[in-house]
1. Would you be able to tell me the number of residues in the range 357-387 that are modelled with pLDDT of 95 or more and within 16 Å of the ligand (Cβ to nearest atom)?
2. Return the pair list, or none, for Cβ contacts closer than 6 Å from residues in the range 116-132 that are of a type in the set (A, V, I, L, M, F, W, C) to residues that are surrounded by 14 or more Cβ atoms within 10 Å (Cβ to Cβ) and assigned to a loop (DSSP other than H, G, I, E, B), at least 6 apart or on different chains.
3. Between ARG14, ARG70, ARG46, which is without any contact (Cβ under 8 Å) to a residue 60 or more places away in the chain, under 23 Å from PRO259 (Cβ atoms) and of a type in the set (D, E, K, R)?
4. Only one of ALA73, ALA40 is modelled with pLDDT of 95 or more, exposed (fewer than 12 other Cβ atoms within 10 Å of the Cβ) and over 30 Å from LYS145 (Cα atoms). Can you tell me which?
5. Do any strands (runs of 3 or more DSSP E) lying entirely in the range 183-296 carry at least 3 residues that are within 16 Å of the ligand (Cβ to nearest atom), and which ones are they?
6. Pick from PRO294, PRO259: which is free of Cβ contacts under 8 Å to residues at least 12 places away in the same chain and either under 27 Å from ALA199 (Cβ atoms) or among the acidic types (Asp, Glu) (or both)?
7. Mind checking which residues of the range 81-116 are open to solvent by 30 Å² or more (accessible area, probe 1.4 Å) and within 16 Å of the ligand (Cβ to nearest atom)?
Amino acid sequence: MDDQDWSIDTLAVRAGTERSHFGEHSDALFLTSSFVFANAAEAAARFANQAPGNVYSRFSNPTVSAFQDRLAALEGGEACIATASGMSAILACCMSALRAGDHVVCSASVFGSTVQLFNNILSRFGIETTYVAAAEPEQWRAALKPSTRLFFVETPSNPLMDLADLGALAAIAKPAGVLLVVDNCFCTPVLQRPLALGADVVVHSATKHLDGQGRVMGGAVVGSKHFIDDQVLPFLRSAGPSLSPFNAWVLLKGLETLPIRMQRHSENALAIARRLEAHPRIARVYHPWLASHPQHALARRQQSAGGAIVSFEVKGADGASDPAALRAAAWAAIDATRLVSITANLGDTRTTITHPATTTHGRITPEARAAAGITEGLIRVAVGLENPDDIYADLVRGLPA
Ligand SMILES: *Cc1c(COP(=O)(O)O)cnc(C)c1O
């Protein structure tokens, strides 16, 4: 069997490993900043990109390369560049693909720092961004301008689990010569492979599920060999937001268990979502694998499971539904937990819980929050790998019986 035909479980464990002359079984950690050359001519050839081989760990390192090759294999991409964080992956992608005067269309409910990057930083370099609903392809088409170069989308969205139909967005982007970039942080390649659905580039915060155990920061850009080698690598080489070899080594170990972790995260999240949906003190539950999800059919087509994130709206005490009553009920539920961690992070073996209206989405205006559907009663849970019965009991501990 050719390694192109290996399943994702096999690729997660095996892809990218290149054994050194020591014959080590596990991936080696090359904690070195530079590499030596046999002679001056070899140094000259490597510096000029005329001979293969490592030069300096800002732009190439064997441990980082192993992580890049493994993630590229999982995403089904030709090439990958690892970066110091998810945000530096998004920055590297934008700096490589865009120039002053270009226009970006972005889904409205992307990660908060992504919005800051587009609105406060790239805007200063003459790059303009329009926000549209992830789930409405016609809004993307309507936002197109002659200067549009890039579509940026997260699916499912955070925290309400709206899905973007990646095939439909690709069908709009491609004829317009627009690069479709997907932040695949929530699903990982185990649940969703955007490149196979027509996307051009996948970006990752490896800090989340790829590590999966809350240890290191990292990021990655996956795409065509031309985009990665000729556009992103020169940016990384000159600007330097590189992944540390140590972090790459931790992430390599994370990838080996990614398929089984994503499967269990998804099973736990669905089991908990179903039980929350039946709870009398909960008004609504958001998870793509629930039949009640308005885009459930799309989720089934586009993803292989629902993922770790479950959001739900609690009811106010005594039927009250004003914002103060909803916030009090949500905070009481969060404060009553004893097992899950009150933190905004996600993609960890440990379940985390957060109140989006006053944390991740606390700095946007109340009107913008309402338009995004983020109420004071909303709670977001990133379901971990603890026993789902224990997690569920903890989540409903603070809800009136
Ligand atoms: C966390 C996150 C990022 C940013 O990643 P960092 O590694 O924290 O820089 C980007 N996109 C999504 C969807 C995220 O959850």
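The values are calculated or read from the model by the stated rules, or taken from the named source; none is laboratory data. Every value quoted in this text rests on a predicted model; they were computed, and no experiment measured them. Positions of Cβ are generated from backbone atoms using ideal geometry, with glycine treated the same way; all protein chains shown enter the neighbour counts. The area values use the complete protein model at the heavy-atom level, side chains included, leaving out ligands, DNA and RNA. Shrake-Rupley method; radii C 1.70, N 1.55, O 1.52, S 1.80 Å.
1. Summing the residues that are modelled with pLDDT of 95 or more and within 16 Å of the ligand (Cβ to nearest atom) in the range 357-387 gives 5.
2. From the range 116-132, the pairs are ILE127/LEU98; ILE127/ASP102.
3. Details: ARG70 fails: without any contact (Cβ under 8 Å) to a residue 60 or more places away in the chain; ARG46 fails: under 23 Å from PRO259 (Cβ atoms).
After applying the criteria, what remains is ARG14.
4. Values: ALA73 fails: exposed (fewer than 12 other Cβ atoms within 10 Å of the Cβ).
Exactly one of ALA73, ALA40 is modelled with pLDDT of 95 or more, exposed (fewer than 12 other Cβ atoms within 10 Å of the Cβ) and over 30 Å from LYS145 (Cα atoms), namely ALA40.
5. Values: elements: 201-205, 219-223, 282-286.
Result: 201-205, 219-223.
6. Of the residues listed, the single one that is free of Cβ contacts under 8 Å to residues at least 12 places away in the same chain and either under 27 Å from ALA199 (Cβ atoms) or among the acidic types (Asp, Glu) (or both) is PRO294.
7. ALA84, MET87, LEU91, MET95, ALA108, SER109, PHE111, GLY112, SER113, VAL115, GLN116
Per-residue answers, yes or no, for (1) within 13 Å of the ligand (Cβ to nearest atom); (2) outside any helix (DSSP H, G or I); (3) open to solvent by less than 30 Å² (accessible area, probe 1.4 Å):
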{"residue": "PHE118", "(1), (2), (3)": "yes, no, yes"}
{"residue": "THR130", "(1), (2), (3)": "no, yes, no"}
{"residue": "GLU138", "(1), (2), (3)": "no, no, no"}
{"residue": "ALA142", "(1), (2), (3)": "no, no, no"}
{"residue": "LYS145", "(1), (2), (3)": "no, yes, no"}
{"residue": "LEU163", "(1), (2), (3)": "no, yes, yes"}
{"residue": "LEU169", "(1), (2), (3)": "no, no, yes"}
{"residue": "ILE172", "(1), (2), (3)": "no, no, yes"}
{"residue": "PRO175", "(1), (2), (3)": "no, yes, no"}
